[in-house]
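Visitor: After the structure tokens below, expect a handful of questions from me.
Each value in this text was obtained by applying a stated rule to the coordinates, not by laboratory testing. Just so it is clear, the structure is predicted and the values come from calculations on it, not from any experiment. Here the Cβ is made from the backbone with ideal geometry for all residues, glycine too, and neighbour counts use every protein chain on show.
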Amino acid sequence: MKNVAAIILAAGRGTRMKSDTPKVLQELHNRPLLSFLIKTLDELDVKEKVLVVGSENKDIKKIFKDVNTIVQKKPLGSGDAAKCAKSYFAGFDGNLLVLCGDTPLIAKDTIERLVKKHINEKASCTVLTATVNDPTSYGRIVRDSRGRIAKIVEEKDLADYEKAIQEINVGCYCFKTKDLFTHIKDLKINPKKKEFYLTDIVGILWQNKKKIVSNSCTDSSEFLGINSQIDLAEANSVIKRKVLRKLMLEGVMITDPDSTIIDMDAVIGKDTIIYPNTVIGKNTVIGKRCKIGPFARIRPGTELSDDVEIGNFVELVRTKISSGTKVKHMTYLGDTSVGKNVNIGAGTITANYDGKKKNKTVIEDNAFIGVGSIFIAPVRVGRGATVGAGSVVTRNKNIPPRKTVVGVPAKILQKERRK
């Protein structure tokens, strides 16, 4: 976006979360809540963006060290938080998005439409609004006799006649930078909350005859504010449903969406079947025509080629499995590379961690791994080799191609397996 910058208000304490972790760092779909808005702004090519954080939220600055950060020294509300960025944008004459860090689900297209309308209407302020059946807890959009936005009134300050208003403030704005910072000095502290409300700037702009317009958001999930663990769980459910729907539209069969969790960054090929109670993490790639689950856990860094079968109670992490291989029952493979057409017997374990570092196990094409085998990494199983049931292959005891090993510790049998 040309000539558009952004402020993300992330200084809230989040006391209702009942957590020592700052609200905007709570995990949403395996990543910090705040990362969603930052990613959306990156996708919109908003290069200049600033986080306003509280003085106690040093962790936010550490995690998002590539984003400019301004500290709000005292918790004096959203209006004061926005005011903290005034000097930073002193030389900026463009349009300024102001977003709340606890509304992570606002879509890229929604923000894009908001900015486009703001520019086309040459507005001083454009407010993202929505119309809902139950507006409880939201600020209301109050319009004048000509239908223009005159002010935003927060829930606690509503007059009785204003409580029936169903148009709400979503918490996303686009301002002419000059107008915002010229009039932000006129904000007055709210006598009930002892804070400066950013929403009051709308009424101040209206009184100064500035043009205020709105753009409507129709998807209620986008303006879900995260203020409690209950809200966080609901947001996770929203993302989960969207991820699963997208995959199913792309040709992935998910037999029980209610019990299946798949990360939004997971890549899954068409005609793959995901059985119930399966969890697939981020940074995972699954090919075509695979069968996964039930009760499988595919952790980050795992890649499965086409036609792979992963059965019940199998856990994979940082593992690559080539086409045609089957890992059917109660198995753990960590830091493992498995070749083509390998059979992994039930209860197989690659012991990848020696107490100091993670070590790699390599199982080459056409190997046969018997039930209950344990590999103490690092170790390599050669092409076409056989590991007998219950064998323990100790570290650095590589198995040559087409050889058979059995026992504890595993030793080579003299009779070779046929090719």
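Visitor: Return the long-range amide H neighbours of Asn68 (sequence gap of 5 or more, or a different chain), with a cut-off of under 5 Å between placed amide H atoms.
Guide: The answer is Lys49, Leu51.
Visitor: How large is the helix-only mean residue ellipticity at 222 nm for the chain, computed as the sum of -39500 (n - 2.57) over DSSP H runs with n ≥ 4, divided by its residue count, in deg cm²/dmol to the nearest 500?
Guide: For the chain, the value works out to -5000 deg cm²/dmol.
Visitor: Something else now. Place +1 on the Cβ of every Lys and Arg and -1 on the Cβ of every Asp and Glu in region 229-412, take the dipole about the Cα centre, and give the residue among Ala377, Tyr332, Val243 whose Cα lies farthest towards its positive end.
Guide: Ala377
Visitor: Nearest 5 percent is fine: what portion of the DSSP beta bridges confined to the chain is antiparallel?
Guide: 25 percent
Visitor: Now for a separate question. Antiparallel as a % of all DSSP beta bridges within region 266-419, to the nearest 5?
Guide: Antiparallel bridges make up about 5 percent of those DSSP assigns within region 266-419.
Visitor: May I pose another question? Once you have the Cα-Cα distance between Asp42 and Phe92, take 0.36 nm times their residue separation minus that, and quote the gain in nm to one decimal.
Guide: 16.1 nm
Visitor: If you take every DSSP beta bridge whose two residues both sit in region 4-223, what share of them, in percent to the nearest 5, is antiparallel?
Guide: Within region 4-223, antiparallel bridges account for around 45 percent of the total.
Visitor: Let me ask something else. Report, in listed order, any pair from Lys270/Lys360; Lys242/Lys356; Lys23/Lys242; Lys73/Lys178; Lys23/Lys194; Lys270/Lys356 with a Cα-Cα distance greater than 28 Å.
Guide: The pairs that break the limit, which is 28 Å between Cα atoms, are Lys270/Lys360; Lys242/Lys356; Lys270/Lys356.
Visitor: Compute the signed sum of charges (Lys and Arg +1, Asp and Glu -1) over the other residues within less than 14 Å, Cβ to Cβ, of Ile254.
Guide: +2
Visitor: Can you tally the net charge around Glu309? Count Lys and Arg as +1, Asp and Glu as -1, for every other residue whose Cβ sits under 9 Å from the Cβ of Glu309.
Guide: Local net charge: +2.
Visitor: Another question about this same structure. Which shape class applies to region 141-195: rounded if a/c is under 1.5, otherwise prolate when a/b exceeds b/c and oblate if not, where a ≥ b ≥ c are the square roots of the Cα gyration tensor eigenvalues?
Guide: oblate
Visitor: Over the alpha carbons of region 4-223, what is the largest minus smallest coordinate on each principal axis, giving the biggest first in Å?
Guide: Sorted from largest, the Cα extents of region 4-223 read 49, 38, 33 Å.
Visitor: Could you please tell me the mean projected area of the C-alpha convex hull for region 229-412, averaged over all directions and given in square nanometres to one decimal?
Guide: Projected over every direction and averaged, the Cα hull of region 229-412 covers 10.2 nm².
Visitor: Can you work out ³J(HN,Hα) from phi for every residue in region 86-92, in order, using Karplus 6.51 cos²θ - 1.76 cosθ + 1.60 and θ = phi - 60°, giving whole Hz and x for Gly and Pro?
Guide: Computed from phi, the couplings for region 86-92 are 4, 5, 4, 9, 4, x, 9 Hz.
Visitor: Once both labels are modelled 7 Å past Cα along the beta-carbon direction, what's the Lys242-Tyr161 spacing in nm?
Guide: Result for the modelled spin labels: 3.9 nm.
Visitor: From the square roots a ≥ b ≥ c of the eigenvalues of the alpha-carbon gyration tensor of region 19-114, which class results: rounded (a/c under 1.5), prolate (a/b over b/c), or oblate?
Guide: oblate
Visitor: Among 182-195, 227-240, how do they line up from the highest to the lowest mean number of other beta-carbon atoms within 10 Å?
Guide: 227-240, 182-195
Visitor: I've got another one for you. What do you get for Rg/Rh over the chain if you use C-alpha atoms and the Kirkwood form of Rh?
Guide: With Rg and the Kirkwood Rh in hand, the quotient comes to 1.14.
Visitor: Same structure, new question: Under 15 Å from the Cα of Lys49, which aspartates and glutamates turn up, not counting those fewer than eight places away in the same chain?
Guide: Asp66, Asp93
Visitor: How are the Cα pair distances of region 117-224 distributed, in percent, across 5 Å bins from 0?
Guide: Once binned at 5 Å, the Cα pair distances of region 117-224 give 2, 12, 23, 25, 21, 12, 4, 0.
Visitor: Residue by residue, what Karplus-based ³J(HN,Hα) values in Hz, rounded to whole numbers, does region 15-27 have, using 6.51, -1.76 and 1.60 with θ = phi - 60° and x for Gly and Pro?
Guide: Taking θ as phi minus 60°, the curve returns 4, 6, 6, 6, 9, 7, 7, x, 3, 6, 9, 4, 7 Hz for region 15-27.
Visitor: Please report Rg over Rh for region 208-254, where both radii come from the alpha carbon positions and Rh follows the Kirkwood definition.
Guide: Value, to two decimals: 1.24.
Visitor: Select from Gly355, Gly301, Gly388 the residue whose mean-square fluctuation is largest in a Gaussian network model of the chain (Cα-Cα springs shorter than 10 Å).
Guide: Comparing Gly355, Gly301, Gly388 in a Gaussian network model of the chain, the most mobile one is Gly355.
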